[in-house]
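In what follows, a single structure is set out as structure tokens and then discussed.
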């Protein structure tokens, strides 16, 4: 039976059984799955009321070996799920530094906007200093803005969520603290509004004394 047809019929049970087969290093079903992916690259599977790219299904079940196997066979690492999320954006939300790095090594774009946010926006939001640094090292745009209507930069996000270490890192790597959002907010405005006083001090313009 076509593995995607089977998935539609039995939903999550099928995905779990595939995961078990992966752990047992069974290759035959993998070859069948890969042939299906060649015929339908997006590999959409119906699971109850949700839709998953096959790659997302394995990522959501934390089967890293399965994810890496599919990527090695040409699966689209930047494929989005129904909510517009990528497996990299999900890994960053979980603050999974190792998987995030491996996905970027496998070709995941550090500038791809998943659900209107770059990976750097997401890392700044969750306060992962190490992932922020890794993304910047790999070419992420430190001043890119979100596409969700507010126009926040990663610095806006970090300042508004109280992540002082990330704010400091972004500033050191060239973040522009004067950029205003769609509603004319600067990162300083957000830090003040949310009561993050140490970040406010960090973002306040340095005074120039004239003698």
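A compact table of results
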quantity: For region 124-211, Kirkwood radius (reciprocal of mean inverse C-alpha pair distance, Å); calculated: 13.1
quantity: Overall Cα dimensions of region 79-120, principal axis frame, Å, largest first; calculated: 24, 19, 17
quantity: Residue 168 versus residue 137: modelled label distance in nm, points set 7 Å from Cα along the beta carbon direction; calculated: 1.9
quantity: Spherically averaged projected area in nm², based on the convex hull that wraps the Cα atoms of region 65-206; calculated: 8.3
quantity: Inter-probe distance in nm under a simple model that places probes 7 Å from Cα toward Cβ, at residue 197 and residue 82; calculated: 4.7
quantity: Residue order, fewest to most surrounding Cβ atoms within 10 angstrom, among 90, 82, 117; calculated: 82, 90, 117
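We did not get these values from a lab; they are worked out from the coordinates using the rules stated. Bear in mind the structure is a predicted one, so any value in this text is a computation, not a measurement. Reconstructed Cβ throughout: ideal geometry from the backbone, glycine too, with neighbour counts over all protein chains shown.
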